Amino acid sequence: MFSRVTRLLVGLVLYGAGCALTVAAGLGVDPWTVFAQGIARVTGVGIGWVTNIIGLGVLLLWIPLHQKPGVGTIANILLVGTSLQLALGILPHPDVFWLQALMLVAGVVLVAVASGLYIGANFGPGPRDGLMTGLHGRFGWPIWACRLTVEGSVLVLGWLLGGTVGIGTVVFALGIGPLVHIAMPLLATPRSAPRPRSAARV
């Protein structure tokens, strides 16, 4: 149990740190972070705190979908945004492209490793992944259609609010699935050993 809890907590903290690296790189971020970044720019609230608030709001959407949160779901809401906010306070924000690209790649890889840790701990999905599976279970839509609809919507809304969409958004979209596919079997606990997923997003 201790090993699984440790994997969960370390994975969620690293997930937030990985997202912070992509934000600090300034080349574009994943759809949910674009959304959080846009809200942060409009409200003046830190992007990490906004990420936590969005996670809580998404969790409330589970109610009509009859989804039940796990320990990992609650921990996700509390830790990912907090880690993101704290990491942004110490990370540099370079304006040289090669440094930006290096931070972007490091961030995507760290998010993949973190996903392998926290998903492999098997304490329940993150609020955003639970929303996808809830929509699938309630309406019968394919998972890919649920993800495309929801993430496409938050991406456009976040961009309209001032979130950063760019090459980093594309790199994240294309790279995170294969990287998580590699990370999950390597980092999963022996007793849970979940099958790799094509993509992961808290």
Of the residues in the stretch 159-169, those that are more than 15 Å from the chain's Cα centre (by Cα) and not polar (S, T, N, Q) come to 159, 160, 161, 162, 163, 165, 166, 167
Can you confirm whether the stretch 79-101 contains a residue that is at pLDDT below 95, of a type outside the set (A, V, I, L, M, F, W, C) and crowded, with 23+ Cβ neighbours inside 10 Å? no
Need the failing condition index for residue 163 against (1) in a helix (DSSP H, G or I); (2) open to solvent by less than 70 Å² (accessible area, probe 1.4 Å); (3) small (Gly, Ala, Ser), just the number. (1)
Condition test on residue 163, is it modelled with pLDDT of 85 or more, within 18 Å of residue 32 (Cα to Cα), small (Gly, Ala, Ser) and in contact with a helix residue (DSSP H, G or I) (Cβ under 6 Å, 6 or more places away or on another chain)? yes
Which one is farthest from residue 30 (Cα to Cα) among residues in the stretch 102-148 that are open to solvent by 60 Å² or more (accessible area, probe 1.4 Å) and of a type in the set (A, V, I, L, M)? 143
Quick check on residue 7: is it within 24 Å of residue 152 (Cβ to Cβ), open to solvent by 20 Å² or more (accessible area, probe 1.4 Å) and basic (Lys, Arg)? no
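The values are calculated or read from the model by the stated rules, or taken from the named source; none is laboratory data. All values reported here derive from a predicted model rather than from experimental measurement. Methodologically, a virtual Cβ is constructed for each residue, glycine included, from the backbone with ideal geometry; neighbour enumeration extends over all protein chains shown. Surface areas here come from the heavy atoms of the whole protein model, side chains and all, with no ligands, DNA or RNA. Shrake-Rupley method; radii C 1.70, N 1.55, O 1.52, S 1.80 Å.
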